[in-house]
Amino acid sequence: MPCQCAGVVDEAVIVDTGSQDDTVAIARNWGARVYEAPWQEDFAAARNIALKYVATEWVLVLDADETLTPAFAAVLPDICQQPHWLVVTLLRRELGVVPPYTYVSRLFRRHPDLFFQRAYHETIDDSVLALQQREPHWQIGHVNGVAIVHSGYLGSQRQQKQERAKRIMRRYLEQHPEDAYLWSKLAGVYLAMGDLEQAQQCLEQGLKAKTLPPAIAHELHYQQGNLYAERGEWQEAIAAYETALKTPTPEMMHLATYLRLADAQKQLKRWGDALATYDRLQALDPTCALAYQNQGALLLRLGQVSAALDKLHQAIHLLQDQDPAEAQRLTQELQAMGFLPA
């Protein structure tokens, strides 16, 4: 997205795969080099076409519905001075979805042996690992804080994206049934669509994999917990979430797991456990408004009014920036209950 990267990157390369609006003209007006290619139902193929036109030493990949945070843009030049970093994992915030954060390999050196794989949820990770085996001096870097904000799941496009994701992943998995990562992602799509039987089949396929990297194991057990929760099997859901939390993965990947775990604990009236889970979540991410909001509601239910209002006030404060409409709704609800002046 050239207007977002202006002044941040040396060049902007865009591959347009069939837009029907003024995308191409706008991009060129902002100074981007735009190339056109037919859409092949393959996101990796489109990204690899773009890589052929990049001339800079480093590559930063963004979609049209993603933006850089100012904090990350400020440190980007220093990151690219690291002599032994091959790729940098970036934290991406997903607006409107749970889990709210994902790690993505979107900043990397331009290298002929680095390329995207998988038709959906495409990644360079496999090629990175293969290159490291041949050239072990290369390192994977990590940057603290949110680098990318993704808004693509907001609005009315979610169902359309789910159908496209299901179609592309199923076709890919017919040829690559060993890909546990995509089985976990497809399970998540089926869960969102309410198809629990298909979700279970996907999880069973994913868990059959001979080797499961920690991040993929975390995703599979997390989705397994969600499946149990949809069925009302709360004890099994708790066990699956706790297994996911034990995987040696970055703590920020566990935010949604903590939220779901607390929900399951509340279903079994394990109030103390749920409150403790919210405390752990807030310590991990002090900006997670939903953790304060849900804990406040639980404390109010338990009659701990003062503690509840403290948590709910913190939630409103955070929501004023993150989701103003929800902040207003929560404020009005507390006013109707007599806890805030009208």
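Table for the structure above
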quantity	calculated
Residues within region 81-113 that are farther than 30 Å from Y258 by Cα, touching a residue at least 12 places away in the same chain (Cβ under 8 Å) and surrounded by fewer than 20 Cβ atoms within 10 Å (Cβ to Cβ), tallied	7
Residues (under 30 Å from the mean Cα position of the chain (by Cα), among the polar types (S, T, N, Q) and in a helix (DSSP H, G or I)) located in region 284-342	Q293, N294, Q295, Q314, Q320, Q322, Q328, T331
Residue identified as closer than 30 Å to K208 by Cβ, free of Cβ contacts under 8 Å to residues at least 40 places away in the same chain and out of contact with any Asp or Glu (no Cβ under 9 Å at 6 or more places or on another chain) among E333, E242	E242
Conditions (1) within 21 Å of Y103 (Cβ to Cβ); (2) buried (at least 17 other Cβ atoms within 10 Å of the Cβ); (3) modelled with pLDDT under 95; number of the one not met by A289	(1)
Cβ pairs under 8 Å, 6+ apart, first in region 268-289 and under 18 Å from A327 (Cβ atoms), second buried (at least 16 other Cβ atoms within 10 Å of the Cβ) and hydroxyl-bearing (S, T, Y)	Q282/Y292
Qualifying position, being modelled with pLDDT of 90 or more and out of contact with any Asp or Glu (no Cβ under 7 Å at 6 or more places or on another chain), among V128, V98, V146	V128
Any hit, region 143-151, residues being crowded, with 19+ Cβ neighbours inside 10 Å, among the aliphatic types (A, V, I, L, M) and within 25 Å of L259 (Cβ to Cβ)	yes
Considering residues of region 198-225 that are polar (S, T, N, Q) and surrounded by fewer than 23 Cβ atoms within 10 Å (Cβ to Cβ) only, the residue farthest from A187 (Cα to Cα)	T211
Test: residue in region 166-189 that is among the charged types (D, E, K, R), assigned by TED's automatic domain parsing to the domain that holds L212 and under 12 Å from the mean Cα position of the chain (by Cα)	yes
Residue match in region 251-259 (condition: surrounded by 15 or more Cβ atoms within 10 Å (Cβ to Cβ), among the hydroxyl-bearing types (S, T, Y) and part of a loop (DSSP other than H, G, I, E, B))	no
From the options E11, E66, residue that is touching a Ser or Thr at 6+ places or on another chain (Cβ under 8 Å), surrounded by 15 or more Cβ atoms within 10 Å (Cβ to Cβ) and in contact (Cβ under 8 Å) with a residue 24 or more places away in the chain	E66
L154, sole failed condition from (1) surrounded by fewer than 19 Cβ atoms within 10 Å (Cβ to Cβ); (2) at pLDDT 90 or above; (3) touching a Leu at 6+ places or on another chain (Cβ under 8 Å); (4) within 23 Å of V61 (Cβ to Cβ)	(2)
Out of F72, F43, sole residue that is crowded, with 18+ Cβ neighbours inside 10 Å, out of contact with any Leu (no Cβ under 9 Å at 6 or more places or on another chain) and touching a residue at least 24 places away in the same chain (Cβ under 8 Å)	F43
Checklist (1) assigned to a helix (DSSP H, G or I); (2) touching a residue at least 24 places away in the same chain (Cβ under 8 Å); (3) assigned by TED's automatic domain parsing to the domain that holds D179 applied to T247, failing item	(1)
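The values are calculated or read from the model by the stated rules, or taken from the named source; none is laboratory data. This one's a predicted model, so the numbers in the text were calculated from it and none came from an experiment. All Cβ positions, even for glycine, are placed from backbone atoms using ideal geometry, and neighbour counts span all protein chains on display.
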